[in-house]
Amino acid sequence: MKFSELFHTIQGEGQLIGVPSVFFRTSYCNLRCVWCDTPYTSWEPEDRDISVAESVTAIAQYKCKHVVITGGEPFIQSKALRELCGELDKRGHHITIETNATLFAEVAAHLISMSPKLRNSSPPADNRFFKRHERGRIQPDVIRKFLDMYPCQVKFVVDTPEDLGEIQRLEKEIDIPAETILLMPQGTTPAVLQQKQEWLVGLCKENGYRYSPRVHVDIWGDKRGV
Ligand code: SF4
């Protein structure tokens with residue numbers, strides 16, 4: 001598989017916040033978010049290779065139940081992803097897959113953590129990835145399929161209060177249960193997150209969504225591999 005990093009930390013976002021977890025970060029993404037916090041998997045993807053067997057051995061050394069497969073976009077490498085998840089499942093791991101929810105494949109997983117990308121993610125209109133990103137970023141059938149088949153959370157990265165209208169529209173059109181929706185502030189420094197959290201908590205209260213901090217940013221900023 002193409003991957004960029006593998007490390008032991010805590011889950012910093014979502015329902016499993018604070019849970020010690022091994023993160024396996026695949027490389028390559030089919031989207032190009034303007035604020036991507038892992039550009040080394042998307043805009044300038046790293047190209048390291050690791051086999052499924054080597055990944056399982058590397059993950060096993062931490063003796064940690066929870067494994068988070070993230071990206072980039074893990075479902076780009078669906079064949080290897082299926083094999084990896086099968087092996088981890090056999091060994092009793094809890095598997096979360098973090099995905100932009102634009103590609104579907106059936107794999108062994110215990111939580112699908114979707115993060116469909118809002119309009120705030122689009123690169124500038126004159127960027128060569130603009131059209132591809134805009135066409136691809138919301139795939140209602142993929143989101144519905146994951147919701148039907150797996151325990152799910154749906155995390156939206158929110159930049160300004162104006163993003164709320166798009167989230168409400170997607171909730172209605174795709175029929176996303178409100179209790180699966182989490183709102184997270186966009187930002188890669190504690191100071192930026194802090195500016196957004198108060199009004200974001202207000203939006204969560206008004207709409208029955210859950211607020212998710214980004215604990216890894218509060219602790220480490222945008223440092224890699226932590
Ligand atoms: S979907 Fe995720 S990895 Fe891909 S460009 Fe957007 S933020 Fe980066």
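The values are calculated or read from the model by the stated rules, or taken from the named source; none is laboratory data. Everything quoted here is computed from the prediction, not taken from an experiment. Cβ sites come from the backbone with ideal geometry, for glycine too, and all protein chains shown count toward neighbours. Each accessible area value is taken on the protein alone, full model and side chains, heavy atoms only, with ligands, DNA and RNA left out. Shrake-Rupley method; radii C 1.70, N 1.55, O 1.52, S 1.80 Å.
Can you pull out the residues in the range 57-71 that are crowded, with 18+ Cβ neighbours inside 10 Å, β-branched (Val, Ile, Thr) and away from the ligand (no atom under 16 Å from the Cβ)?
Correct list: Ile59, Val67.
Hey, Trp43 hits all of (1) away from the ligand (no atom under 16 Å from the Cβ); (2) free of Cβ contacts under 8 Å to residues at least 40 places away in the same chain; (3) assigned to a loop (DSSP other than H, G, I, E, B); (4) open to solvent by 20 Å² or more (accessible area, probe 1.4 Å) but one; which does it fall short on?
Unmet for Trp43, out of (1) away from the ligand (no atom under 16 Å from the Cβ); (2) free of Cβ contacts under 8 Å to residues at least 40 places away in the same chain; (3) assigned to a loop (DSSP other than H, G, I, E, B); (4) open to solvent by 20 Å² or more (accessible area, probe 1.4 Å): (1).
Does His8 fit the bill of being under 21 Å from Ser115 (Cβ atoms) and more than 16 Å from the ligand (Cβ to nearest atom)?
Details: under 21 Å from Ser115 (Cβ atoms): no; more than 16 Å from the ligand (Cβ to nearest atom): yes.
For His8, the condition - under 21 Å from Ser115 (Cβ atoms) and more than 16 Å from the ligand (Cβ to nearest atom) - is not met.
Which of the residues that make up the range 28-40 are part of a helix (DSSP H, G or I) and either away from the ligand (no atom under 11 Å from the Cβ) or touching a Ser or Thr at 6+ places or on another chain (Cβ under 7 Å) (or both)?
The initial filter retains those residues of the range 28-40 that are part of a helix (DSSP H, G or I), namely 39-40.
Within the range 28-40, Tyr40 is the sole residue that qualifies.
Between a residue in the range 200-226 that is more than 22 Å from Cys152 (Cβ to Cβ) and any residue that is of a type outside the set (S, T, N, Q) and assigned to a loop (DSSP other than H, G, I, E, B), which pairs come within a Cβ distance under 6 Å, given they are 6 or more apart or on different chains?
These pairs meet every condition: Trp220/Val226.
Could you list, in sequence order, the residues of the range 216-226 that are in a helix (DSSP H, G or I) and open to solvent by 40 Å² or more (accessible area, probe 1.4 Å)?
Of all residues in the range 216-226, those in a helix (DSSP H, G or I) come to 216-220.
Correct list: His216, Asp218, Ile219, Trp220.
Please name all residue pairs, on different chains or six or more residues apart, with Cβ atoms under 6 Å, provided the first residue is in the range 13-36 and is within 19 Å of Ala58 (Cα to Cα) and open to solvent by 10 Å² or more (accessible area, probe 1.4 Å) and the second residue is assigned to a loop (DSSP other than H, G, I, E, B) and within 7 Å of the ligand (Cβ to nearest atom).
Nothing qualifies.
Testing Gly86 on (1) in a loop (DSSP other than H, G, I, E, B); (2) farther than 25 Å from Ser212 by Cβ; (3) free of Cβ contacts under 8 Å to residues at least 24 places away in the same chain, one condition comes back false. Which one is that?
So the condition that Gly86 fails would be (1).
Cβ-Cβ under 6 Å, sequence separation 6+ or interchain: first residue in the range 97-108 and acidic (Asp, Glu), partner outside any loop (DSSP other than H, G, I, E, B) and within 16 Å of the ligand (Cβ to nearest atom). Which pairs?
Correct list of pairs: Glu98/Thr70; Glu98/Ser113.
Of the conditions (1) touching an Asp or Glu at 6+ places or on another chain (Cβ under 6 Å); (2) in contact (Cβ under 8 Å) with a residue 40 or more places away in the chain; (3) more than 27 Å from Ile76 (Cβ to Cβ), Thr160 clears all except one; give me its number.
Failing condition for Thr160: (1).
Say whether the condition of being of a type in the set (Ser, Thr, Tyr) and more than 26 Å from Ala178 (Cβ to Cβ) is met by at least one residue in the range 77-90. Talk me through it step by step, then tell me what you get.
Start the filter on the range 77-90 by keeping residues that are of a type in the set (Ser, Thr, Tyr), which leaves 78.
Of the ones still in play, those that are also more than 26 Å from Ala178 (Cβ to Cβ) are 78.
Looking through the range 77-90, at least one residue is of a type in the set (Ser, Thr, Tyr) and more than 26 Å from Ala178 (Cβ to Cβ).
Does Lys205 count as of a type outside the set (Ser, Thr, Tyr), farther than 26 Å from Val107 by Cβ and assigned to a helix (DSSP H, G or I)? First the steps, then the outcome.
On the way: of a type outside the set (Ser, Thr, Tyr): yes; farther than 26 Å from Val107 by Cβ: yes; assigned to a helix (DSSP H, G or I): yes.
Yes, satisfied.
Checking the conditions here, which among Arg128, Arg144, Arg132, Arg137 is of a type in the set (D, E, K, R), more than 22 Å from Val201 (Cβ to Cβ) and touching a Leu at 6+ places or on another chain (Cβ under 7 Å)?
Matching residue, one of Arg128, Arg144, Arg132, Arg137: Arg137.
Kindly list, by first and then second residue, each pair from a residue in the range 110-138 that is charged (D, E, K, R) to a residue that is more than 10 Å from the ligand (Cβ to nearest atom), limited to pairs with Cβ atoms under 7 Å and residues at least 6 apart or on different chains.
Arg119/Glu166; Glu134/Ser122
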